[in-house]
Amino acid sequence: MEHLVSIGVRDTAVRRELCAWICSQRGGFDIRAAIDALESAGMSKPSIYRNIAFLEDQGLLRTTVTEDGTRLRFPVKPEHSHQIICDRCGNVEEFSTCGWPLIGELLALQTGFKPTSHHMEVHGVCADCQKNKR
Ligand SMILES: [Zn+2]
Ligand SMILES: [Zn+2]
């Protein structure tokens, strides 16, 4: 639990700002864009990095790499989320179809596990990127 201790009270405001900024993004974000935006809002680079790492540790941020090698992070709900991710521009859309809880029951039968959560991540090329073929 060291990470919870190392993030002190003073980081709460940073984390709130960071979360607000992340939620205002269209989809996946480049960490450099986060730093540019938040540094100019008066936050220090180490605390931005630390808070992004914290959100990742909590399973609230995931990473995808686009076709041009850009690493993008995007927010997920901790217990149940489905996202379709564009591999060109990093656009992330939420969708609701997954066949859960049927799949959960099937898995329980097959594996003996009691499934409690899942994340579904689908990759593809978004409608905009299909129109603007490079
Ligand atoms: Zn796209
Ligand atoms: Zn689901």
For residues that are of a type in the set (Phe, Trp, Tyr) and either within 16 Å of ligand 2 (Cβ to nearest atom) or touching a residue at least 60 places away in the same chain (Cβ under 8 Å) (or both), tally how many sit in the range 65-112. 2
Among (1) within 16 Å of ligand 1 (Cβ to nearest atom); (2) in contact with a helix residue (DSSP H, G or I) (Cβ under 6 Å, 6 or more places away or on another chain); (3) acidic (Asp, Glu), which single condition is Glu121 missing? (2)
If Ser81 satisfies all but one of (1) in a strand (DSSP E or B); (2) within 16 Å of ligand 1 (Cβ to nearest atom), what's the number of the condition it fails? (2)
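Quick note: the coordinates plus some simple rules give every number you see, no bench work behind them. Please read these numbers as outputs of a predicted model, since none were measured by experiment. FYI the Cβ positions are ideal-geometry reconstructions off the backbone, even for glycines, and counts take in every protein chain you see.
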